[in-house]
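**Q** Take a look at this one; I'll ask things after.
The values are calculated or read from the model by the stated rules, or taken from the named source; none is laboratory data. What you are looking at is a predicted structure, and each value in this text was computed from that prediction instead of being measured. Because the Cβ atoms are built from the backbone with ideal geometry, glycine has one as well, and the counts that use them run over all protein chains shown. Protein only, heavy atoms only, side chains kept; ligands, DNA and RNA dropped before computing areas. Shrake-Rupley method; radii C 1.70, N 1.55, O 1.52, S 1.80 Å.
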Amino acid sequence: MRRVLSNVLLTALLLLPSARMMADDYATLHTEKIQNPMLWADVPDPDVIRVGDTFYLVSTTMHLMPGAPIMKSKDLKNWETVGYIFDKLTDSPKYDLLQGTVYGRGQWATSLKYHNGKFYALLAPNEQGAMGDTYIFTADKAEGPWKILSRMRHFHDCSLFFDDDGRVYVIYGTGELMELKPDLSDVIEGTHQHIFQKEADETGLLEGSRVIKYNGKYYLLMISHVYAAGRHRREVCYRADDIHGPYEKQVILESEFGGFSYEAQGTIVDSPSGDWYGIIFQDRGGVGRVLTVMPCRWINGWPMLGDENGKVPDEVRPFVSGEPEASIVKSDDFSDAKLGLHWQWNHNPIDEAWSLTERFGFLRLKTNRVVENIYLAPNTLTQRMEGPQCSAYIVMDYSNMKDGDCAGFAAFNSDTGGLFIKRTGKNYFLEMDELSVQLSDRNKEVTKVDQKMVEGVALTKLYPKAKKIWLRIDADFRPGQGGRRMGGADCANFYYSMDGETWNQIGTKDYRLNFDWRRFFMGTKFGIFCYATKKKGGFVDVDEFCYQKIKE
């Protein structure tokens, strides 16, 4: 078994004669400024709080499970996933890829709070009817375990708020407010209120509510969509002396960044020393919606975001220096008995159909359902891709697949490029395929999948004794590459190897990675999969996932 890249680098560092010098250089690296994007990966709809000297962040992951990831950082530079608010959503068989699908639905825009020694999270799946009920979870530690405290009517893009007088509110939609019962069990009927009216040219929604209280005043931060000449997406702030209003309004950020579109939606957070930061997301094409960090300066009582010119800066000083490097995307040799928190499943997993213990050091993916394509297949395991460039490969033992089985490694999204190992009779083939899924607008059910083989290799004929294969995907999200409309390359290239040394490119060169809010509404993910098209019972063993983020 190959050792994952991070372990190899660490071993080399410790054994070299110049280890002291290199270690010093390594520590120096971590005192560098935060380069924006702070998280160049799909981390939309952030809420960020600070408890003591630790920052906690929650983001949207929709139909991926477990859901509502909690990340933490000491310096606003190095983030790691430390837990999830829930393991599965179980209100509908669609979350199990039965009787439909929930692509682009599920958990959205969670609100994270810390109050009287406990953590609270409020979220509402983007669904209709009871499936869209709002949940309030609580935990003693951000890492969990979390438990459901209550369930109530749907609140879109909402913010939970604990006031100083013990009263609790939810602010949601476009400036709507309701008070909650003191035990958070439900709303107090009759407390609904519109606390402001949007401007005439704000023809889109104002959403993404985040509420804080500072120096006795209430601040509501929201994204504003303006469709008018010379106006752009922007972050606005509503301010009042009383939570019920009246509110006055200020644009606190209207800035493009890095050759991409204008930024908005996020929150502000303070440090123990009293510095303030804004954390705002930006749409960046195929990689998804990335996070940027910027100064927040209180000017005339308003939390103004950006540098001295009101623009998103290229870099920001980290809150503290010398923190160990951490990442939300990681290599994995699957030697742990528990799946790492950096992984998420596409929809709810079938737990009896995967294992980390049946063959030590391997992830086993077993088929237990016959499906037509990868979009209906359970137990596709994913991690985010990252910019500016990244590369990952898996090592897969495919010798236990059955006739009709498909397994491999994909750049997984509503448009997917993938490396598919297919067994037909006694023969194995490797294909680079392009796929595109169509979903119903209302229910997000799969209505059609177009799948095209671009290039294939007859593995049994060319490598009759082979049992395993290396599959690699390189992704490029650098801005300005290739003159794409969205400002970036947004492309992937695909490779295979039979020995882990010699790599052969296969299929589409510079395969376009797309972001489509009407379908998955998320950035492209690395996906490891195994499914049956004829009969269940086959399996593959994945030896390792080896990942590298390539910095410019």
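**Q** At R0 = 56 Å, how high is the FRET efficiency between Thr357 and Arg151 if r is their beta carbon distance? Nearest 0.05 is fine.
**A** 0.95
**Q** Let me ask something else. Starting from the Cα-Cα distance between Ser321 and Lys465, subtract it from 0.36 nm times their residue separation and give me the gain in nm to one decimal.
**A** Using 0.36 nm per residue and subtracting the Cα-Cα distance, I get 46.6 nm.
**Q** What order do Arg151, Arg512, Arg472 take when sorted by accessible area (1.4 Å probe), most exposed first?
**A** Arg151, Arg512, Arg472
**Q** In the chain, carbon and sulfur make up what percent of the accessible area (probe 1.4 Å)?
**A** The value for the chain is 49 percent carbon and sulfur by accessible area.
**Q** If you compute Cα extents along the principal axes in Å for the structure shown, which of (1) 75, 59, 48; (2) 73, 67, 63; (3) 73, 55, 47 do you land on?
**A** (1)
**Q** Could you give the dipole magnitude of the chain about its Cα centre, charging the beta-carbon of Lys and Arg +1 and that of Asp and Glu -1, in debye to the nearest 20?
**A** 1620 debye
**Q** Read phi for every residue in the stretch 346-359 and hand back ³J(HN,Hα) as whole Hz from Karplus 6.51 cos²θ - 1.76 cosθ + 1.60, θ = phi - 60°, with x for Gly and Pro.
**A** So the J values, rounded to whole Hz, are 7, 6, 5, x, 9, 5, 6, 9, 8, 7, 10, 10, 5, 9.
**Q** Run the 1.4 Å probe and let me know the accessible area of His194, rounded to the nearest 10 Å².
**A** His194 has an accessible surface of roughly 100 Å² with all protein chains in place.
**Q** Specify which residue in the list Phe119, Ile148, Asn400 is farthest towards the positive end of the charge dipole of the chain, using unit charges on the beta carbon of Lys, Arg (+1) and Asp, Glu (-1), about the Cα centre.
**A** Among Phe119, Ile148, Asn400, the one farthest towards the positive end of the dipole of the chain is Asn400.
**Q** Work from the charge dipole of the stretch 405-552 (Cβ charges, +1 for Lys and Arg, -1 for Asp and Glu, about the Cα centre) and give the residue of Leu430, Gly500, Ala532 farthest towards its positive end.
**A** Working it through, the farthest residue towards the positive pole turns out to be Ala532.
**Q** Under a point spin-label approximation (7 Å from Cα along Cα-to-Cβ), what is the Ile299-Ile350 distance to one decimal in nm?
**A** Going by the 7 Å Cα→Cβ label model, 5.8 nm.
**Q** Of Gly306, Thr292, Val329, which is farthest towards the positive pole of the stretch 289-355's charge dipole, taken about the Cα centre with +1 and -1 on the beta-carbons of Lys, Arg and Asp, Glu respectively?
**A** Looking along the dipole axis, the top candidate is Gly306.
**Q** In square nanometres, what is one fourth of the surface area of the convex hull spanned by the alpha carbons of the stretch 323-413?
**A** Approximately 7.4 nm², given one-decimal rounding.
**Q** To continue, here is another question. Take the cross-link list Lys465/Lys534; Lys77/Lys113; Lys88/Lys422; Lys444/Lys536; Lys426/Lys536; Lys147/Lys330 and give me the ones stretching past 19 Å between alpha-carbons.
**A** Lys465/Lys534; Lys77/Lys113; Lys88/Lys422; Lys444/Lys536; Lys147/Lys330
**Q** May I pose another question? Quick one: 3J(HN,Hα) in Hz for the stretch 429-446, Karplus 6.51/-1.76/1.60 with θ = phi - 60°, rounded, Gly and Pro as x.
**A** Once rounded to whole Hz, the list reads 10, 10, 10, 9, 10, 10, 10, 9, 10, 10, 10, 5, 5, 7, 9, 6, 8, 6.
**Q** So what is the diffusion coefficient of the stretch 27-140 in µm² per second by Stokes-Einstein at 37 °C and 0.692 mPa s, using a Kirkwood Rh over Cα pairs?
**A** In µm²/s, the coefficient is 214.
**Q** Probe of 1.4 angstrom, ligands and nucleic acids ignored: what's the accessible area per residue over the chain, in square angstrom?
**A** 40 Å²
**Q** Another question about this same structure. Relative to the first principal axis of the alpha-carbon coordinates of the chain, what is the inclination of helix 19-29, with its axis defined by its Cα atoms, in degrees from 0 to 90 and to the nearest 10?
**A** 50 degrees
**Q** So, one more: Would you tell me the accessible area of Glu315, worked out with a 1.4 angstrom probe on the heavy atoms of the protein chains, in Å² to the nearest 10?
**A** Here the accessible area works out near 80 Å².
**Q** Could you give the length gained by full extension between Glu455 and Lys249, i.e. 0.36 nm per residue of separation minus their alpha carbon distance, to one decimal place?
**A** Stretched fully, the Glu455-Lys249 segment lengthens by 68.5 nm.
**Q** For the pair Asp516/Gln548, report the inter-label distance in nm, with labels modelled 7 Å from Cα in the Cβ direction.
**A** Result: 3.2 nm between the two label points.
**Q** As an exercise, take the mean of 1/r over every pair of distinct alpha carbons in the stretch 214-317, invert it, and state the Kirkwood radius in angstroms.
**A** The answer is 14.3 Å.
**Q** Can you give me the three principal axis dimensions of the stretch 241-280 from its C-alpha atoms, in Å, biggest first?
**A** So the extents along the principal axes, rounded to whole Å, are 40, 29, 12.
**Q** Could you run the Karplus curve 6.51 cos²θ - 1.76 cosθ + 1.60 with θ = phi - 60° over the stretch 103-112 and give me ³J(HN,Hα) per residue in whole Hz, x for Gly and Pro?
**A** Along the stretch 103-112, the couplings run 4, x, 9, x, 6, 10, 6, 5, 9, 10 Hz.
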